[in-house]
Structures are given as structure tokens and as C-alpha cells.
Amino acid sequence: MSKVLFIRGLNESLRERLDTTARREGLSTTSIIEEAIEGWLEKAKEIPTKHHLVLYSEKESLMNFIKKMDKLTNEHWNRFCIGKGDNKGINFLKKNHWEDITILPYTQLLKNSESYSKRVFDKLGKKEKNERTICIGFMTGDIANCLSLKQAVDVEKISNIKRKSGIMICPYNIKDIANTNMIDLLNLIEGHDKVFLLQKNKITELNHSDTKFSKLLI
């Protein structure tokens, strides 16, 4: 049995384009909307596999982001976090039922970052059971802060090899990467699917694809 669907807030220009396209193709707007909804629902069933870099400069911006992620994944997600115990973000996530998969003592990370991170990623992999999974990991950001960005990038590469599913979010304080060389910075960016900048309650996605010099003149 069909029912009436009201779409609030639909952009007027978009509605006009939809009507024009429907008439040109000899279709009803209903059939187009139904197909779009079915496509979205099928995509929603897929288990995403993403590795995102999140850059921030103020702790306030980072906490706003963490609280937003907590709210968006409150239902139907397996949620994990990695980081040292005195991290304000980690404490917030743990209080809101994100499972802490940090292996103690955390100081092992600074003694042998690659060996330690492999154990953490193996632990995470055992918990990713074909379900929607998200992990906010401060581990590589801590490596960049305490050791070097190059060592952090090496661990990011291990993550890309070890992990087979789920969303991994890696927050970095931009101060920890500001004075590094361009090669390590580019390797960090290229090791992630997407790069985001945080500012207060705003998040901006950066385009990090190769381009041509001539585009600067267009």
C-alpha cells in the first residue's frame, strides 16, 4: 500500500531540476525518489572501510568533534578508542561506552611504536566482526608528538595493512606536524582516505589530490 511522503526543506532549485529531468526522461518524480532511497538504503547496509586524518589546534575543537561522533554513532555501531589514560577525549569516550582497546602500559608505544601498534591493531581486528565499527585512535598523534611524524606515518602504514574493515579516525594536533618536512607531511596525508580540519564547531574537508600548476591561473 502506497503512502504519501512529505519532504521538508527540499531546495526549490533541486525540486525544479528533478521535475524537469523526470519529464525529459518520461519518468515520475516518485519513481526517481524511490530509486534514490533504495540506493541509499543498500549503501547504508555496507560496512564502510575508511581511514581519516583529523587536524585540530584547539582542544575545544577536538572535544566538540568527539562529542559529535559520539552522538552520531550512539546506535548500531561498535565503538573503540585508543590513547593514554589522561587524555580528556579518551576519558569522555570511555564514559560514553566506547571500548578502550589500549594495551597497558602505554609507555610501550614510545619504546617500540611499530611492535606496540601491531598488537593494538591485532586486538582491534579481532573485535571487527563484519559490523559497523568506528575507532578514534590517538596513538599515532602521540607518536608524532613524542617521537616524530615519520614514525607516526610508519604506524599509519601498518594500520592500512592490518585493518580490513571499519572507520579509523586519527586526530593530530597541527602543532605536532607544523615543523616537519614536506615528504613526511605528504606521506601522512596520502596514507588517509580523507583529511579534515576542525575549528570550533566547524569541520572542513580538504582535497588532497594531485593537480596541475595551470589550475592556479583558472
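The values are calculated or read from the model by the stated rules, or taken from the named source; none is laboratory data. Bear in mind the structure is a predicted one, so any value in this text is a computation, not a measurement. Backbone-built Cβ (ideal geometry, glycine too); neighbour counts: all protein chains shown.
Points to keep in mind about this one:
- Every residue from region 151-209 that is touching a Pro at 6+ places or on another chain (Cβ under 8 Å) and at positive phi: Gly166
- Number of residues in region 170-218 that are assigned to a helix (DSSP H, G or I) and free of Cβ contacts under 8 Å to residues at least 40 places away in the same chain equals 13.
- Scanning region 133-161 for residues that are surrounded by fewer than 19 Cβ atoms within 10 Å (Cβ to Cβ), of a type outside the set (A, V, I, L, M) and out of contact with any helix residue (DSSP H, G or I) (no Cβ under 7 Å at 6 or more places or on another chain) returns Ser148, Lys157, Asn160.
- Which numbered condition Gly137 fails, given (1) more than 16 Å from the chain's Cα centre (by Cα); (2) modelled with pLDDT of 95 or more; (3) small (Gly, Ala, Ser): (1)
- Of all residue pairs spaced 6 or more apart or on separate chains, those with beta-carbon atoms under 7 Å, a first member in region 51-75 that is modelled with pLDDT of 95 or more and a second member that is small (Gly, Ala, Ser) are His51/Ser159; Leu62/Gly89; Met63/Gly89; Ile66/Gly89.
- Candidate set from region 151-169 (those that are in contact with a Phe, Trp or Tyr (Cβ under 7 Å, 6 or more places away or on another chain) and either outside the structural domain of Arg119 (by TED's automatic domain parsing) or in contact (Cβ under 8 Å) with a residue 60 or more places away in the chain (or both)); member that is nearest to Thr140 (Cα to Cα): Ser159
- Of the residues screened, Lys164 is not one that is assigned to a helix (DSSP H, G or I) and surrounded by fewer than 18 Cβ atoms within 10 Å (Cβ to Cβ).
- So Leu124, is it in contact (Cβ under 8 Å) with a residue 12 or more places away in the chain, over 14 Å from Cys170 (Cα atoms) and over 22 Å from the mean Cα position of the chain (by Cα): no
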